[in-house]
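One structure below.
The values are calculated or read from the model by the stated rules, or taken from the named source; none is laboratory data. Predicted, not measured: the structure shown is a model, and the values here were computed from it. A quick note on method: Cβ atoms are made from the backbone with ideal geometry, for glycine too, and the neighbour counts reach across all protein chains shown.
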């Protein structure tokens, strides 16, 4: 498995305004997603009806900013969130948010490297 960036999230105070900014700037398709969390999907490349990328690229999302320090997060594909959480801690990183299930997608956890840079790991189903 390639451990590459498979998703990104950009925090925003005003999801509509920032969505329009990126849509007009880059031509990205911004879609309001259903669910309990206010979230907008970002399509930088088209997807099939099943949500699979039609060509190489990385899609992402806009999420409500949780605090003033909330920074963009890259999600990296891994085989096992549990295994990589152990590896992160063993290498001097820390787990910021423990393993969480995303129905129909898989599991993810948020971590930081030894210098405090945050990222997320994603295990797809």
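Key figures
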{"read-out": "Filtered residues of the range 54-88 (kept if assigned to a loop (DSSP other than H, G, I, E, B), within 14 Å of the chain's Cα centre (by Cα) and in contact (Cβ under 8 Å) with a residue 60 or more places away in the chain)", "value": "71, 72, 78"}
{"read-out": "Residue check, residue 37 surrounded by 12 or more Cβ atoms within 10 Å (Cβ to Cβ) and either under 26 Å from residue 97 (Cα atoms) or touching a helix residue (DSSP H, G or I) at 6+ places or on another chain (Cβ under 7 Å) (or both)", "value": "no"}
{"read-out": "Single unsatisfied condition, residue 51 versus (1) surrounded by fewer than 17 Cβ atoms within 10 Å (Cβ to Cβ); (2) at pLDDT 95 or above", "value": "(2)"}
{"read-out": "Residue that is touching a strand residue (DSSP E or B) at 6+ places or on another chain (Cβ under 6 Å) and either in a loop (DSSP other than H, G, I, E, B) or free of Cβ contacts under 8 Å to residues at least 60 places away in the same chain (or both), where the choices are 51, 19, 92, 35", "value": "19"}
